[in-house]
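Here the structure is laid out as structure tokens; the discussion comes afterwards.
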Amino acid sequence: MEKKQFQAESQRLLDLMINSIYTHREIFLREIISNASDAIDKLAYTALTDDKVGIDRDAFAITITRDPENHILTVSDNGIGMSREEMEENLGTIAKSGSLGFKQAMEKNEDIDIIGQFGVGFYSAFMVSSSITVISKKYGEDKAWKWVSDGADGYTIEQTEKDAPGTDVIMTLKEDTEEEKYSQFLEEYEIRSLVRKYSDYIRYPIKMEVTKSRPVEEPEEETPETEGEEKPYKAPKYESYTEVETLNSMVPIWQRAKKDVTEEEYNAFYREKFFDYHKPLRVIHSSAEGSVSFKALLYIPGKAPYDFYTKDFKRGLQLYSSGVMIMENCEDLLPEHFRFVRGVVDSQDLSLNISREMLQHNRQLTIIARNIEKKIKSELKSMVDNDREKYEEFYAAFGRQLKYGTVSEYGAHKEACQDLLLFYSHKQGKLITLKEYVEAMAEGQEKIYFAPGENRDRLSKLPQVETLDKKGYDVLLFTEDVDEFIPQTLMTYMEKQFCNVSTEDLGLQTEEEKKEAQEKAEELKGMLTFVKESLGEQVKEVKLSANLGKYPACMTPDAGMSFEMEKYMKKANPEFAFDVGRILELNPEHEAVQAMQKAMTEDPVKAKDYAQLLCYQAQLMADLPLADPYAYTELVCKLMC
């Protein structure tokens with residue numbers, strides 16, 4: 001028996017592979033099972049043209065055997081097996097791929113489907129094994145061979161005995177340490193969990209002898225009965241027994257035709273897979289053929305997880321390659337603005353590099369991601385148009401995420417999100433889309449008006465909103481911090497400009513009205529100067545306004561930032577020192593302003609008090625804090641006496 005070294009590879013490379021490439025040691029079982037599936041695929045394909053195979057497809061299986069006493073875990077298959085030469089080629093060279101070579105040779109046949117690359121996946125077993133023995137017999141050959149290695153000093157190959165074609169991978173697990181408990185991979189529950197997590201949809205049954213319990217029927221003891229007395233309670237006895245059980249479900253729900261899957265099955269899969277006890281609002285079951293083929297089963301949840309808006313939430317879809325889970329949360333498949341979607345994607349066309357755990361972020365993955373984004377957007381848009389009640393239920397949970405998606409990355413994804421946004425309409429008294437707003441605009445209206453604030457009722461009473469309402473113009477009421485960033489990101493919608501009613505010109509005046517306003521301002525220039533001098537640094541400017549309706553005054557911000565934006569910035573950063581300039585706007589037609597103007601000549605002290613009172617009232621209407629609430633109270637009392 002000759003001792004051989006790994007071809008052209010050093011121990012350093014092997015250490016790198018088993019300690020660095022794979023970040024989770026549990027991956028080894030997925031790799032060994034996938035290789036066993038590959039081997040069965042090869043023999044099943046051979047059976048299509050060779051009637052001497054003599055094994056029915058239903059008899060193919062992968063068997064896991066535990067031997068906790070000797071610290072041994074064995075994975076066996078009844079697949080194609082390996083000759084001595086193939087053992088040397090596939091196991092003696094790190095990163096040599098028997099599966100890949102077989103698939104390339106048969107690539108013209110659509111029925112063949114091989115998972116992954118054998119060589120590297122096999123070596124992941126050294127993460128948990130002190131030594132590995134592989135016993136294999138090639139289909140069509142009389143001899144069987146045994147390959148043995150501890151992963152450090154090369155390997156040996158010698159002839160051995162094996163009754164039927166197939167391969168046994170016998171792993172002697174490492175001894176437990178304080179850092180690692182290798183014996184866990186011999187526990188029945190752990191193996192069950194790993195198979196369900198990574199290999200549930202391998203197309204062949206994965207079998208293992210499991211321990212179960214059953215009640216033992218015992219003959220009843222004859223005891224003399226005493227009238228009026230009940231028989232004493234006797235606890236049932238149970239016995240343990242073992243039984244070979246199939247651990248995997250084999251056929252994934254997303255591989256079945258939509259017409260063959262019931263709503264109950266979709267919901268049951270969702271609850272089991274994603275641990276959500278609420279029914280999903282929508283199910284997207286799709287497949288794509290072409291340059292990249294894949295199947296996807298996506299769910300739009302009805303409720304947001306408790307950690308959804310935290311940094312701890314993990315977005316992404318479960319990624320499978322021909323039924324083998326590659327990644328539990330593949331972020332590259334799901335854009336941030338649709339991070340609420342849960343689901344799985346399965347493709348046999350994805351390029352994998354030296355381990356199934358590390359995806360090459362290539363063109364195929366990008367194509368799949370784009371397709372998925374379109375599917376999600378289309379489904380949400382269908383809900384907007386055809387099932388508004390359900391969409392509003394969804395929007396209550398995830399609408400903020402769509403808003404963040406609109407403004408993030410300088411609006412890079414606004415096209416995907418803008419038609420899905422809902423805002424409260426002052427005129428219609430309900431949530432509407434931007435498209436619905438524009439389509440319902442009154443004749444002559446040229447702008448999309450919005451008012452940012454914390455409370456809808458308060459916003460509805462703004463002087464500017466009442467002025468617009470009288471003209472039949474609608475105003476969108478923005479009550480979330482992120483809302484005000486959306487007009488800045490979109491700039492326009494359906495060629496209509498956005499207008500913040502609190503900071504911008506409403507555009508309601510004709511040229512003649514503007515001229516009259518200028519003349520009025522010139523006429524009352526003395527009053528405006530008086531008010532500014534009376535208030536000092538409390539305001540940056542005092543001017544007239546024709547948009548105040550029944551109100552005498554209002555406070556508006558200087559150009560550049562709204563009061564709501566100022567509040568947001570200070571909340572996000574308490575050290576934010578910039579204060580938006582306050583502009584006091586006066587309604588020259590209001591009796592209170594006219595009374596102040598009259599008092600300027602009759603009682604200048606009272607006129608200053610009137611100016612201060614109007615300033616206080618304007619601050620309160622703008623939901624701005626008063627610097628000195630006590631001074632306001634004293635002023636009101638003074639003017640009442």
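The values are calculated or read from the model by the stated rules, or taken from the named source; none is laboratory data. If you're wondering where the values come from, they're calculated on a predicted model, not measured in any experiment. Cβ: placed from backbone, ideal geometry, glycine included. Neighbour counts: every protein chain shown. Note: areas computed on protein heavy atoms with side chains; ligands, DNA, RNA excluded. Shrake-Rupley method; radii C 1.70, N 1.55, O 1.52, S 1.80 Å.
Fully extending the segment from Glu541 to Asp469, taken as 0.36 nm per residue of separation minus the present Cα-Cα distance, adds 23.2 nm.
Holding the Cα-Cα limit at 20 Å, pick out from Lys295/Lys403; Lys377/Lys430; Lys42/Lys197; Lys540/Lys608; Lys381/Lys435; Lys471/Lys525 the pairs that are longer than that. Violating the 20 Å limit, Cα to Cα: Lys295/Lys403; Lys377/Lys430; Lys42/Lys197; Lys471/Lys525. What do you get for the angle between helix 263-274 and the principal long axis of the chain? Use alpha-carbon atoms, 0 to 90 degrees, nearest ten. With both axes taken from Cα atoms, the answer is about 90 degrees. Taking His590, His337 and ordering them by how much accessible surface each has at a 1.4 Å probe, largest first, produces His590, His337.
Figure legend: label point modelled 7 angstrom from the Cα of Asp176 along Cα→Cβ; residues of region 124-153 with amide N under 18 Å from it are 128-130.
Set the Förster distance to 51 Å, then compute FRET efficiency between Asp67 and Glu495 from the Cβ-Cβ distance, nearest 0.05. For Asp67 and Glu495, the calculated efficiency is 0.10.
The distance between label points at Asp558 and Thr633 comes to 3.2 nm (points 7 Å beyond Cα on the Cα→Cβ vector). Could you calculate the FRET efficiency of Glu589 with Glu533 from 1/(1 + (r/R0)^6), where r is the beta carbon distance between them and R0 is 25 Å, rounded to 0.05? It comes to 0.60.
Within a straight-line Cα-Cα reach of under 14 Å, Lys3 can be paired with the following aspartates and glutamates, leaving aside sequence neighbours fewer than 8 residues apart in one chain: Glu88, Asp150, Asp153, Glu158. Rounded to the nearest 0.05, the FRET efficiency derived from the C-beta distance between Glu516 and Glu392 at R0 = 56 Å is 0.80.
In terms of its alpha-carbon gyration tensor, region 558-641 comes out prolate; a/c meets the 1.5 threshold, and the first ratio a/b outweighs b/c. Ordering Phe275, Phe398, Phe313 by accessible surface, largest first, gives Phe275, Phe313, Phe398; the 1.4 Å probe counts only protein heavy atoms, with every chain in place. Looking at region 471-518, the GluC sites (Glu not before Pro) that sit in a DSSP loop and have at most 10 other Cβ atoms within 10 Å of their own Cβ are Glu495. For a test of the definition: using alpha carbon positions, the gyration tensor, and the 1.5 limit on a/c, classify region 463-523 as rounded, prolate or oblate. Because a/c hits 1.5 or more and a/b exceeds b/c, region 463-523 counts as prolate.
In the list (i) 91, 74, 59; (ii) 108, 77, 50; (iii) 120, 85, 51, the label attached to Cα extents along the principal axes in Å as derived from the coordinates here is (iii). Using the 1.4 Å probe convention, the accessible area of the chain works out to 53 Å² per residue with neighbouring protein chains retained. With all pairs of separate Cα atoms included, region 168-308 yields a Kirkwood hydrodynamic radius of 20.7 Å.
Residue ranking by accessible heavy-atom surface, 1.4 Å probe, largest first, among Asp628, Asp307 comes out as Asp628, Asp307.
Assign one of three labels to region 493-621, namely rounded, prolate or oblate, based on the Cα gyration tensor with a ≥ b ≥ c the square roots of its eigenvalues; rounded applies when a/c is under 1.5, prolate when it is not and a/b is larger than b/c, and oblate otherwise.
Taking the square roots of the gyration eigenvalues as a ≥ b ≥ c, region 493-621 is oblate.
At full extension, Ala304 and Arg271 could sit 10.4 nm farther apart than now, given 0.36 nm per residue minus the alpha carbon distance. Heavy-atom accessible area of Asp481 with all protein chains present, probe 1.4 Å, nearest 10 Å²? Roll a 1.4 Å probe over it and Asp481 shows about 80 Å². To the nearest 20 debye, what charge dipole does the chain have about its Cα centre, counting +1 at the Cβ of each Lys and Arg and -1 at the Cβ of each Asp and Glu? In debye, rounded to 20, the chain gives about 1740.
Contact order, relative form, for the chain: 8 percent (alpha carbon pairs under 8 Å, 6 or more residues apart, mean separation divided by residue count).
For region 308-353, the dipole from Cβ point charges (+1 on Lys and Arg, -1 on Asp and Glu) about the Cα centre works out to 220 debye, to the nearest 20. Counting only protein heavy atoms and using a 1.4 Å probe, the accessible area of Arg214 comes to about 100 Å².
The share of accessible area on the chain that comes from carbon and sulfur is 47 percent, using a 1.4 angstrom probe. Note on region 37-82: semi-axes of the ellipsoid equivalent to its C-alpha gyration tensor, largest first and rounded to whole Å, are 27, 9, 7. Using alpha carbons only, how many angstrom separate the centre of region 129-201 from the centre of region 521-580? Centre-to-centre (Cα) distance: 77 Å.
Using C-alpha pairs under 8 Å with a sequence gap of at least 6, the mean separation divided by the residue count of region 132-266 gives a relative contact order of 19 percent.
Any aspartates and glutamates with Cα under 20 Å of the Lys237 Cα? List them, leaving off those in the same chain fewer than 8 positions away. Within reach: Glu217, Glu218, Glu220, Glu221, Glu222.
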